[in-house]
1. So, in region 58-90, how many residues would count as being surrounded by fewer than 19 Cβ atoms within 10 Å (Cβ to Cβ), within 50 Å of the chain's Cα centre (by Cα) and over 26 Å from residue 118 (Cα atoms)?
2. For region 40-55, enumerate the residues that are touching a residue at least 60 places away in the same chain (Cβ under 8 Å) and surrounded by 11 or more Cβ atoms within 10 Å (Cβ to Cβ).
3. What is the residue count in region 1-37 for residues that are crowded, with 16+ Cβ neighbours inside 10 Å and free of Cβ contacts under 8 Å to residues at least 24 places away in the same chain?
4. Do any strands (runs of 3 or more DSSP E) lying entirely in region 1-104 carry at least 3 residues that are in contact with a helix residue (DSSP H, G or I) (Cβ under 8 Å, 6 or more places away or on another chain), and which ones are they?
(Lines give C-alpha, C1' and ligand atoms only; values in the text may rest on other atoms or scores of the structure.)
Protein backbone atom coordinates (compact mmCIF):
# COMPACT_ATOMS: atom_id res chain seq x y z
CA UNK A 1 0.00 0.00 0.00
CA UNK A 2 1.40 3.40 -1.05
CA UNK A 3 1.33 5.76 1.94
CA UNK A 4 1.28 9.54 1.74
CA UNK A 5 1.99 12.24 4.30
CA UNK A 6 -0.34 15.04 3.28
CA UNK A 7 -2.56 17.88 4.44
CA UNK A 8 -6.23 17.56 5.30
CA UNK A 9 -8.14 20.84 5.09
CA UNK A 10 -10.26 22.21 7.96
CA UNK A 11 -11.57 25.64 8.98
CA UNK A 12 -14.03 28.00 7.35
CA UNK A 13 -13.81 29.76 4.01
CA UNK A 14 -10.93 32.23 3.84
CA UNK A 15 -9.40 30.99 7.12
CA UNK A 16 -8.20 27.44 6.57
CA UNK A 17 -5.93 25.29 8.72
CA UNK A 18 -4.68 21.79 7.98
CA UNK A 19 -4.08 18.50 9.75
CA UNK A 20 -0.90 16.66 8.78
CA UNK A 21 -2.02 13.08 8.30
CA UNK A 22 -0.76 9.69 7.14
CA UNK A 23 -3.18 8.37 4.55
CA UNK A 24 -3.55 5.83 1.75
CA UNK A 25 -2.64 7.53 -1.53
CA UNK A 26 -5.93 6.21 -3.00
CA UNK A 27 -8.07 7.95 -0.35
CA UNK A 28 -9.71 11.33 -0.94
CA UNK A 29 -7.90 14.40 0.28
CA UNK A 30 -10.28 15.01 3.18
CA UNK A 31 -11.27 11.36 3.54
CA UNK A 32 -10.11 8.61 5.84
CA UNK A 33 -6.57 8.64 7.19
CA UNK A 34 -4.32 6.31 9.14
CA UNK A 35 -2.80 8.69 11.67
CA UNK A 36 -2.68 12.40 12.46
CA UNK A 37 0.83 13.64 13.22
CA UNK A 38 0.46 17.42 13.30
CA UNK A 39 -1.30 20.71 12.53
CA UNK A 40 -0.35 23.43 10.03
CA UNK A 41 -1.82 26.96 10.10
CA UNK A 42 -0.60 29.18 7.21
CA UNK A 43 -2.65 32.22 8.28
CA UNK A 44 -0.21 33.27 11.00
CA UNK A 45 3.16 34.86 10.22
CA UNK A 46 5.35 32.89 10.56
CA UNK A 47 3.13 29.85 9.98
CA UNK A 48 2.16 27.79 13.02
CA UNK A 49 3.34 24.17 12.86
CA UNK A 50 2.73 21.50 15.47
CA UNK A 51 4.39 18.19 14.62
CA UNK A 52 4.84 14.84 16.33
CA UNK A 53 8.50 14.74 15.38
CA UNK A 54 9.25 11.10 16.24
CA UNK A 55 6.20 9.76 14.39
CA UNK A 56 7.03 11.90 11.36
CA UNK A 57 10.58 10.47 11.27
CA UNK A 58 9.18 6.94 11.72
CA UNK A 59 6.83 7.24 8.75
CA UNK A 60 9.60 8.71 6.62
CA UNK A 61 11.84 5.75 7.51
CA UNK A 62 9.18 3.21 6.53
CA UNK A 63 8.72 4.83 3.13
CA UNK A 64 5.80 7.25 3.42
CA UNK A 65 5.97 9.90 0.69
CA UNK A 66 5.24 13.52 1.69
CA UNK A 67 3.51 15.93 -0.68
CA UNK A 68 5.46 19.04 -1.71
CA UNK A 69 3.96 21.26 0.99
CA UNK A 70 4.42 18.62 3.69
CA UNK A 71 8.00 18.06 2.54
CA UNK A 72 8.70 21.77 3.12
CA UNK A 73 7.09 21.52 6.57
CA UNK A 74 9.14 18.46 7.51
CA UNK A 75 12.31 20.13 6.25
CA UNK A 76 11.50 23.25 8.27
CA UNK A 77 11.02 21.23 11.45
CA UNK A 78 14.13 19.06 10.85
CA UNK A 79 12.42 15.69 10.28
CA UNK A 80 14.13 15.22 6.91
CA UNK A 81 17.49 16.17 8.45
CA UNK A 82 16.96 13.64 11.24
CA UNK A 83 16.09 10.88 8.75
CA UNK A 84 19.24 11.71 6.76
CA UNK A 85 21.46 11.50 9.89
CA UNK A 86 19.87 8.24 11.02
CA UNK A 87 20.54 6.85 7.55
CA UNK A 88 24.22 7.73 8.00
CA UNK A 89 24.27 5.94 11.38
CA UNK A 90 22.66 2.85 9.80
CA UNK A 91 25.38 2.82 7.14
CA UNK A 92 28.10 3.23 9.78
CA UNK A 93 29.27 6.62 8.46
CA UNK A 94 29.25 8.07 11.99
CA UNK A 95 28.01 7.20 15.44
CA UNK A 96 24.63 7.95 16.89
CA UNK A 97 26.24 10.49 19.28
CA UNK A 98 27.76 12.32 16.31
CA UNK A 99 24.41 12.29 14.55
CA UNK A 100 22.76 13.78 17.63
CA UNK A 101 25.49 16.42 17.91
CA UNK A 102 25.07 17.46 14.27
CA UNK A 103 21.30 17.57 14.61
CA UNK A 104 21.49 19.78 17.72
CA UNK A 105 23.85 22.17 15.94
CA UNK A 106 21.43 22.34 13.02
CA UNK A 107 18.50 22.99 15.38
CA UNK A 108 20.39 25.80 17.11
CA UNK A 109 21.21 27.48 13.81
CA UNK A 110 17.63 27.04 12.67
CA UNK A 111 16.29 28.53 15.91
CA UNK A 112 18.48 31.60 15.49
CA UNK A 113 17.18 32.09 11.97
CA UNK A 114 13.57 31.79 13.17
CA UNK A 115 14.13 34.23 16.03
CA UNK A 116 15.79 36.67 13.66
CA UNK A 117 12.78 36.47 11.35
CA UNK A 118 10.37 37.03 14.23
CA UNK A 119 12.34 40.06 15.42
CA UNK A 120 12.37 41.44 11.88
CA UNK A 121 8.60 40.98 11.61
CA UNK A 122 8.05 42.62 15.01
CA UNK A 123 10.28 45.56 14.06
CA UNK A 124 8.52 45.98 10.71
CA UNK A 125 5.16 45.94 12.50
CA UNK A 126 6.35 48.54 15.03
CA UNK A 127 7.72 50.73 12.23
CA UNK A 128 4.45 50.51 10.31
CA UNK A 129 2.49 51.38 13.45
CA UNK A 130 4.78 54.36 14.17
CA UNK A 131 4.43 55.59 10.58
CA UNK A 132 0.64 55.30 10.80
CA UNK A 133 0.59 57.27 14.07
CA UNK A 134 2.84 59.96 12.57
CA UNK A 135 0.62 60.23 9.51
CA UNK A 136 -2.46 60.53 11.73
CA UNK A 137 -0.72 63.22 13.81
CA UNK A 138 0.15 65.26 10.71
CA UNK A 139 -3.40 64.89 9.46
CA UNK A 140 -4.76 66.17 12.78
CA UNK A 141 -2.33 69.12 12.75
CA UNK A 142 -3.39 70.03 9.22
CA UNK A 143 -7.03 69.90 10.25
CA UNK A 144 -6.36 72.20 13.22
CA UNK A 145 -4.41 74.63 11.02
CA UNK A 146 -7.29 74.82 8.54
CA UNK A 147 -9.76 75.44 11.35
CA UNK A 148 -7.56 78.25 12.73
CA UNK A 149 -7.17 79.90 9.32
CA UNK A 150 -10.93 79.96 8.68
CA UNK A 151 -11.78 82.67 11.34
CA UNK A 152 -8.86 84.84 10.12
CA UNK A 153 -10.17 84.70 6.56
CA UNK A 154 -13.68 85.58 7.79
CA UNK A 155 -12.29 88.57 9.74
CA UNK A 156 -10.39 89.79 6.66
CA UNK A 157 -13.54 89.46 4.55
CA UNK A 158 -15.54 91.45 7.13
CA UNK A 159 -12.88 94.17 7.21
CA UNK A 160 -12.84 94.41 3.42
CA UNK A 161 -16.64 94.70 3.38
CA UNK A 162 -16.50 97.47 6.00
CA UNK A 163 -13.88 99.38 4.02
CA UNK A 164 -15.97 99.00 0.87
CA UNK A 165 -19.06 100.36 2.67
CA UNK A 166 -17.10 103.34 4.01
CA UNK A 167 -15.76 104.12 0.54
CA UNK A 168 -19.26 103.93 -0.92
CA UNK A 169 -20.58 106.27 1.81
CA UNK A 170 -17.80 108.79 1.16
CA UNK A 171 -18.45 108.73 -2.60
CA UNK A 172 -22.19 109.28 -1.98
CA UNK A 173 -21.44 112.25 0.33
CA UNK A 174 -19.09 113.76 -2.26
CA UNK A 175 -21.74 113.46 -4.97
CA UNK A 176 -24.29 115.15 -2.68
CA UNK A 177 -21.83 117.98 -1.98
CA UNK A 178 -21.27 118.53 -5.68
CA UNK A 179 -25.03 118.71 -6.36
CA UNK A 180 -25.62 121.37 -3.66
CA UNK A 181 -23.87 124.31 -5.47
CA UNK A 182 -25.86 123.50 -8.58
CA UNK A 183 -29.03 123.82 -6.58
CA UNK A 184 -27.81 127.11 -5.11
CA UNK A 185 -27.04 128.42 -8.59
CA UNK A 186 -30.50 127.43 -9.71
CA UNK A 187 -31.93 129.33 -6.72
CA UNK A 188 -29.90 132.43 -7.58
CA UNK A 189 -31.11 132.32 -11.18
CA UNK A 190 -34.70 132.14 -9.89
CA UNK A 191 -34.14 135.23 -7.71
CA UNK A 192 -32.65 137.20 -10.64
CA UNK A 193 -35.60 136.27 -12.85
CA UNK A 194 -38.00 137.42 -10.13
CA UNK A 195 -36.26 140.79 -9.80
CA UNK A 196 -36.33 141.29 -13.57
CA UNK A 197 -40.06 140.57 -13.60
CA UNK A 198 -40.68 143.11 -10.83
CA UNK A 199 -38.73 145.80 -12.72
CA UNK A 200 -40.78 145.11 -15.83
CA UNK A 201 -44.01 145.43 -13.86
CA UNK A 202 -42.78 148.72 -12.34
CA UNK A 203 -41.93 150.12 -15.79
CA UNK A 204 -45.41 149.37 -17.20
CA UNK A 205 -47.29 151.83 -14.83
CA UNK A 206 -44.71 154.50 -15.61
CA UNK A 207 -45.37 154.06 -19.31
CA UNK A 208 -49.12 154.24 -18.73
CA UNK A 209 -48.73 157.49 -16.77
CA UNK A 210 -46.69 159.06 -19.59
CA UNK A 211 -49.42 158.19 -22.07
CA UNK A 212 -52.07 159.80 -19.91
CA UNK A 213 -50.02 162.97 -19.60
CA UNK A 214 -49.63 163.22 -23.34
CA UNK A 215 -53.38 162.93 -23.82
CA UNK A 216 -54.02 165.71 -21.26
CA UNK A 217 -51.66 168.08 -22.97
CA UNK A 218 -53.49 167.59 -26.24
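The values are calculated or read from the model by the stated rules, or taken from the named source; none is laboratory data. Remember, predicted model here, so these are calculated numbers, not experimental data. Cβ placement follows ideal geometry from the backbone for every residue including glycine, while neighbour counts extend to all protein chains displayed.
1. Adding up the residues that qualify gives 2.
2. First pass over region 40-55, keeping only residues touching a residue at least 60 places away in the same chain (Cβ under 8 Å): 45-46.
Correct list: 46 only.
3. The total comes to 3.
4. On the way: elements: 3-12, 15-24, 35-41, 48-51.
Passing ranges, in order: 3-12, 35-41.
Okay, residues lined up against (1) more than 19 Å from residue 71 (Cα to Cα); (2) at pLDDT 90 or above:
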| position | (1), (2) |
| --- | --- |
| 13 | yes, no |
| 23 | no, yes |
| 31 | yes, no |
| 37 | no, yes |
| 46 | no, no |
| 50 | no, yes |
| 56 | no, yes |
